[in-house]
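The values are calculated or read from the model by the stated rules, or taken from the named source; none is laboratory data. Just so it is clear, the structure is predicted and the values come from calculations on it, not from any experiment. Cβ: placed from backbone, ideal geometry, glycine included. Neighbour counts: every protein chain shown.
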Amino acid sequence: MARFELKLPKMGESVAEATITSWLKEVGDTIEQDEAVLEIATDKVDSEVPCEVDGVLVEVLFNVDDVVQVGQTIAVIETEGEGNATVETPEVKEVEVEKTTPSTADVVQTVVAAQETTAPISSNGDRFYSPLVKNIAKAEGIAQVELDAIPGSGKEGRVTKADMQAYLKIRSSQPAKTIATPTQTVQTSTKIEVKKPATPIIAAESDEIIEMTRMGKLIAYHMVESLQTSAHVQSFIEADVTNIWNWRKKVKDSFMKREGENLTFTPIFMEAIAKALRDFPLMNISLQGDTIVKKKNINLGMAAALGNGDLIVPVIKNADQLNLVGMTKAVNDLAARARDNKLKPDDIQGGTYTVTNVGTFGSIMGTPIINQPQVGILALGAIRKVPAVIETPEGDFIGIRYKMFLSHSYDHRVVNGALGGQFVKAVKEYLEGWDSNREI
């Protein structure tokens, strides 16, 4: 018999770890090749981990809610054949502590060594730590107990990158202080405020208490963080999409018959937005500190609803290089996999600009929150049939037109009103200039 090590696979360039949410197999169960063994969750998406071989699950190395690094062995599968690729469990080193009073440096080294050899930095029931915060803590030698004591300015007291930078700055300039915990005393470099107890839930006897989902908590955190980061400002414009309405009505049946795809308005709007981003490349940027990163690729994020009502933003890569058929297939594929919870981590990474269709829910306009670290997001309002003034060489008259509002939110730190307004005006002009005789 041989032993196969099932490792946490790579799930994207920026994904370094995942949390185990459930084991689909138990020790002793028979597993077929490509059959899912467990479910995991990153800070962006949930997915399954399949087995690469046929065999029997003989050992599980992590429990539910444990955080696992990419490449770590998470289970052992016994297979037919020869070989003995046994799993070496992490060695836990014993740290000797002298009974005499140690120096500050000795205590720090002892605690950090103990933390590094027993468990990695992880989120707990009180706090969520992003991968970025964990990486900073690891690089700076901040132990779990020390990290837990750092005051957080984010949602529900969560520690942000700015909190870590401020703490490290103070830590390097002040003498060591002592933090007392129920189990040990840790020497750190600055005085830490005691965390305030969680606010008690106040509810009437007839009220229902509903726990937020993991993704719901992440969405709430990212929304508040975005508002605290960017200077949000909006521009609104109304677009006449009568030509698009009539054209789609004329070609959608033949398109479905030929391509097997439903032609919605979304890919048409996405095409216009991608063209406008090509015209205004300074809308296709990100801001990192005081540095502007101008993106080469135009990757459009598309807000999509999940089955439980949460939203996720899959990304159409190189959207400006797709024709309308390719754009339609990309939109339909991502939307379908979002509804079925089958998106992969790479599907929701690398976005450079985001679009959200608030018209789907009947809203005529909205003021969307920027998807960090991008600098703009466009909300598409509902298409309405309205009376409008129509200008002709023979004079003006009133007619029935199909119109919609475009709501553009942008980061006023780097995008001024002229650029923000010109960009959304360009989108309007592409939509209104639609060729009614276009062939696809």
Discussion item. If I filter the range 250-275 down to residues being more than 15 Å from residue 435 (Cβ to Cβ) and without any contact (Cβ under 8 Å) to a residue 60 or more places away in the chain, which single residue comes out as surrounded by the most Cβ atoms within 10 Å (Cβ to Cβ)?
Written reply: 274
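Does the range 331-344 contain at least one residue that is farther than 30 Å from residue 255 by Cα and charged (D, E, K, R)? First the steps, then the outcome.
From the range 331-344, those farther than 30 Å from residue 255 by Cα are none; that's our starting set.
Checked the range 331-344: no residue is farther than 30 Å from residue 255 by Cα and charged (D, E, K, R).
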Worksheet item: Under the condition of being modelled with pLDDT under 80 and in a helix (DSSP H, G or I), which residue from the range 147-162 is nearest to residue 16 (Cα to Cα)?
Response: 161
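Quick one: is residue 277 over 21 Å from the mean Cα position of the chain (by Cα) and not hydroxyl-bearing (Ser, Thr, Tyr)?
When the stated conditions are applied, residue 277 passes them.
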Discussion item. From the list 229, 264, exactly one residue is farther than 30 Å from residue 153 by Cα and either touching a Cys at 6+ places or on another chain (Cβ under 7 Å) or assigned by TED's automatic domain parsing to the domain that holds residue 355 (or both). Which is it?
Written reply: 264
Practice prompt. Could you list, in sequence order, all residues of the range 205-214 that are surrounded by 10 or more Cβ atoms within 10 Å (Cβ to Cβ) and either part of a loop (DSSP other than H, G, I, E, B) or aliphatic (A, V, I, L, M) (or both)?
Written response: 212, 213
Fill in: Hits in the range 335-353 (condition: over 12 Å from residue 300 (Cα atoms), touching a helix residue (DSSP H, G or I) at 6+ places or on another chain (Cβ under 9 Å) and part of a helix (DSSP H, G or I))
335, 337, 338
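Conditions tested, residue by residue: (1) in contact with a helix residue (DSSP H, G or I) (Cβ under 8 Å, 6 or more places away or on another chain); (2) more than 13 Å from residue 6 (Cβ to Cβ).
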residue	(1), (2)
34	no, no
42	yes, yes
49	no, no
62	no, no
67	no, yes
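Take the residues of the range 276-289 that are surrounded by fewer than 17 Cβ atoms within 10 Å (Cβ to Cβ) and in contact (Cβ under 8 Å) with a residue 40 or more places away in the chain: which is nearest to residue 334 (Cα to Cα)?
Going through the range 276-289, the residues surrounded by fewer than 17 Cβ atoms within 10 Å (Cβ to Cβ) turn out to be 278-279, 281-282, 288-289.
Subsequent filtering for residues that are in contact (Cβ under 8 Å) with a residue 40 or more places away in the chain retains 278-279, 282, 288.
On the way: 278: 23, 279: 26, 282: 27, 288: 28 Å.
For the range 276-289, the residue satisfying everything is 278.
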Discussion item. If residue 298 satisfies all but one of (1) touching a residue at least 60 places away in the same chain (Cβ under 8 Å); (2) out of contact with any Pro (no Cβ under 7 Å at 6 or more places or on another chain); (3) under 15 Å from residue 273 (Cα atoms); (4) hydrophobic (A, V, I, L, M, F, W, C), what's the number of the condition it fails?
Written reply: (1)
Worksheet, complete the sentence: From the option list 138, 169, 134, single residue qualifying as assigned to a helix (DSSP H, G or I), within 20 Å of the chain's Cα centre (by Cα) and at pLDDT 70 or above is 134
Discussion item. Can you say whether residue 292 is within 23 Å of the chain's Cα centre (by Cα), surrounded by 19 or more Cβ atoms within 10 Å (Cβ to Cβ) and among the hydrophobic types (A, V, I, L, M, F, W, C), as far as the supplied structure shows?
Written reply: no
Worksheet item: Restricting attention to the range 395-426, which residues are part of a strand (DSSP E or B), of a type in the set (Gly, Ala, Ser), surrounded by fewer than 22 Cβ atoms within 10 Å (Cβ to Cβ) and in contact with a strand residue (DSSP E or B) (Cβ under 7 Å, 6 or more places away or on another chain)?
Response: 399
